[in-house]
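Comments concern the structure below.
The values are calculated or read from the model by the stated rules, or taken from the named source; none is laboratory data. Please read these numbers as outputs of a predicted model, since none were measured by experiment. Counting neighbours? That spans all protein chains shown, and the Cβs are built from the backbone with ideal geometry, glycine included.
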Amino acid sequence: MNRFKIFALAAVAAICFAVTAAKTQAQVAVEIGAAPECPYGYYDVAPYDCAPYGYYGPEWFTGGIFIGAGPWFHGPAGFHGHVNNHFHPEHGYNGPKPARGEKPDPNKHLDKIEHFKGNEVRDGRGHVGKK
């Protein structure tokens, strides 16, 4: 009977300890590295390949510099900008894309893209918005 009391007391103590144990939250830090160096910006979804000239509208560039997309997005809160999704691989685009590190063509202006055909609005974080 003495063993039963010890066992019961140990079980009650274990249950009390389990109930009062502090809950911890895991923190996960993901190091994403530097943004891809692409002359006309990069897609806002993995694998973040370089986007061709004409995919992003002029509002995606400030002083000729891409404001970023995906994990490197540094545009204003609530930003939504036009893209031409015909140049997006998710819509079947298989054409030429610039390589990472390639320099932009000086004749292709980023702040005034002539004949730009924006047909989708995106938020820079991989989400399609409302036109």
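Quick notes
- The requirement of being under 15 Å from TYR48 (Cα atoms), surrounded by fewer than 16 Cβ atoms within 10 Å (Cβ to Cβ) and in contact (Cβ under 8 Å) with a residue 12 or more places away in the chain is not satisfied by PRO98.
- Among the candidates ILE15, ILE32, ILE65, residue that is β-branched (Val, Ile, Thr), at pLDDT below 95 and under 21 Å from HIS127 (Cα atoms): ILE32
- Only one of the numbered conditions (1) within 22 Å of GLU37 (Cβ to Cβ); (2) surrounded by fewer than 16 Cβ atoms within 10 Å (Cβ to Cβ); (3) among the basic types (Lys, Arg) is not met by LYS117, and that is (1).
- Qualifying residues in region 35-62 (those that are out of contact with any Cys (no Cβ under 8 Å at 6 or more places or on another chain) and assigned to a strand (DSSP E or B)) - the one modelled with the highest pLDDT: TYR56
- In region 111-122, residue farthest from GLY41 (Cα to Cα) [restricted to those that are assigned to a loop (DSSP other than H, G, I, E, B), among the charged types (D, E, K, R) and within 24 Å of the chain's Cα centre (by Cα)]: LYS117
- Selection count, region 84-110, where residues are outside any loop (DSSP other than H, G, I, E, B) and touching a helix residue (DSSP H, G or I) at 6+ places or on another chain (Cβ under 7 Å): 2
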